[in-house]
Amino acid sequence: MAALGSPLRTLRGLLRELRHAGGRAGRSYRDTAAYRHVLAAFRAHRVTSEKLCRAQQELHFQAATYLCLLRSVRQHAALHREYHGKGERSPEEVAGLVGFRLPQQPGGKG
């Protein structure tokens, strides 16, 4: 299994994805229940000098998994917007999407 990285990095990534997901509605992402829940969970599971929290690694793994889900959903939506629903395309446009150019016909016809 790959290393998870630091919990602070995971928290920052989660908050960044929440900002992307919820910032369009005209209100701040900090007003959402998801934001408050993520911060409360990370605060409740941090390690202090008085106790050793066994659930910290479990919380970190779940947070990293949720972060992966949020990123994947956002990237899927971006790809869907870019490549889906444009109707019939011309051969020149399709060739441009994959990085090709159509050959020129002799006599200036193409």
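The values are calculated or read from the model by the stated rules, or taken from the named source; none is laboratory data. These numbers come from a predicted model, not from an experiment. Cβ placement follows ideal geometry from the backbone for every residue including glycine, while neighbour counts extend to all protein chains displayed. To get the accessible areas, we keep the full protein, side chains included, count just its heavy atoms, and leave off ligands, DNA and RNA. Shrake-Rupley method; radii C 1.70, N 1.55, O 1.52, S 1.80 Å.
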Item to check | Looking only at segment 1-22, and only at residues there that are modelled with pLDDT under 80 and over 12 Å from residue 67 (Cβ atoms), the one that is most open to solvent (accessible area, probe 1.4 Å) | outcome: 1
Checklist entry - Looking at segment 54-97, which of its residues are farther than 30 Å from residue 6 by Cβ and either open to solvent by 100 Å² or more (accessible area, probe 1.4 Å) or touching a residue at least 40 places away in the same chain (Cβ under 8 Å) (or both)? => result 81, 83, 84, 86, 88, 92
Next on the checklist: Restricting to segment 23-58, and then to whatever is under 21 Å from the mean Cα position of the chain (by Cα) and polar (S, T, N, Q), can you tell me which residue is modelled with the lowest pLDDT?
Outcome noted: 28
